[in-house]
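Asker: Quick one: the structure is below, questions incoming.
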Amino acid sequence: MIKQGDVYLVNFAKKYNSEFGKVRPAVILQNNFLNRSLEDTQYQSVLLVPLSTQDIQTEYKIEITPRDNLKEKSFIVANWLCTLDYKRILLDKGIITKLSTDELQQLKTKICNLM
């Protein structure tokens, strides 16, 4: 089961205008209550935030240092928050890494600041 704060590879498919595209890591932001129901219900969407290796100039990013299976310095870009179908998560590739409690809290704070 995926969990909030896990980082997986996700197929974002084709890029359109300013959208992100391709296969890239993303943080699962959706709560674990909904994550547990993904395989048992018709609710198949997942709330997540993509990562980028580009140091995008925004106050809504969090730097993540390489660790576990994350090979490059990356940035969680909180203002790229999105919802995708659960099947776009490449579960067969395994988990890349997990956010620390502090990193997850930083992400939640930045998302709250978007509103």
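Asker: Quick check on this structure: which one of Lys93, Lys3, Lys22 is out of contact with any strand residue (DSSP E or B) (no Cβ under 7 Å at 6 or more places or on another chain) and among the charged types (D, E, K, R)?
Answerer: Result: Lys22 is the single residue among Lys93, Lys3, Lys22 that is out of contact with any strand residue (DSSP E or B) (no Cβ under 7 Å at 6 or more places or on another chain) and among the charged types (D, E, K, R).
Asker: Of the numbered conditions (1) at pLDDT below 95; (2) more than 14 Å from Lys3 (Cα to Cα), Ser37 fails exactly one; give the number of that condition.
Answerer: If we test Ser37 against (1) at pLDDT below 95; (2) more than 14 Å from Lys3 (Cα to Cα), just (2) comes out false.
Asker: Which residues, counting only those in the stretch 21-38, are in a loop (DSSP other than H, G, I, E, B) and either at positive phi or in contact (Cβ under 8 Å) with a residue 12 or more places away in the chain (or both)?
Answerer: Taking the stretch 21-38 first, the residues in a loop (DSSP other than H, G, I, E, B) are 21-22, 29-31, 37-38.
Correct list: Lys22, Leu29, Gln30, Asn31, Leu38.
Asker: Exactly one of these conditions fails for Leu84: (1) in contact (Cβ under 8 Å) with a residue 60 or more places away in the chain; (2) within 16 Å of Gly5 (Cβ to Cβ); (3) not in a helix (DSSP H, G or I). Give me its number.
Answerer: Of the numbered conditions (1) in contact (Cβ under 8 Å) with a residue 60 or more places away in the chain; (2) within 16 Å of Gly5 (Cβ to Cβ); (3) not in a helix (DSSP H, G or I), the odd one out for Leu84 is (2).
Asker: Further question on the same structure: Looking only at the stretch 40-59, which residues are part of a loop (DSSP other than H, G, I, E, B) and either loosely packed, with under 10 Cβ neighbours inside 10 Å or touching a strand residue (DSSP E or B) at 6+ places or on another chain (Cβ under 8 Å) (or both)?
Answerer: Passing the criteria: Asp40, Thr41, Gln42, Gln44, Thr53, Gln54, Asp55, Ile56, Gln57, Thr58, Glu59.
Asker: What pairs come out if I take residues in the stretch 1-20 that are modelled with pLDDT of 95 or more and pair them with residues that are among the basic types (Lys, Arg) whose C-beta lies under 6 Å away, six or more apart or interchain?
Answerer: Close Cβ pairs (under 6 Å, with a partner that is among the basic types (Lys, Arg)) amount to Gly5/Lys98; Asp6/Lys98; Leu9/Lys93; Val10/Arg88.
Asker: Sticking with this structure for a sec: Give the stretch 74-83 a look and list any residue that's surrounded by fewer than 15 Cβ atoms within 10 Å (Cβ to Cβ) and closer than 15 Å to Leu9 by Cα, or say none.
Answerer: The answer is Thr83, and nothing else.
The values are calculated or read from the model by the stated rules, or taken from the named source; none is laboratory data. Since the model is a prediction, treat every value here as computed from it, not as a measurement. We place every Cβ from the backbone using ideal geometry, glycine too, and count neighbours over all the protein chains shown.
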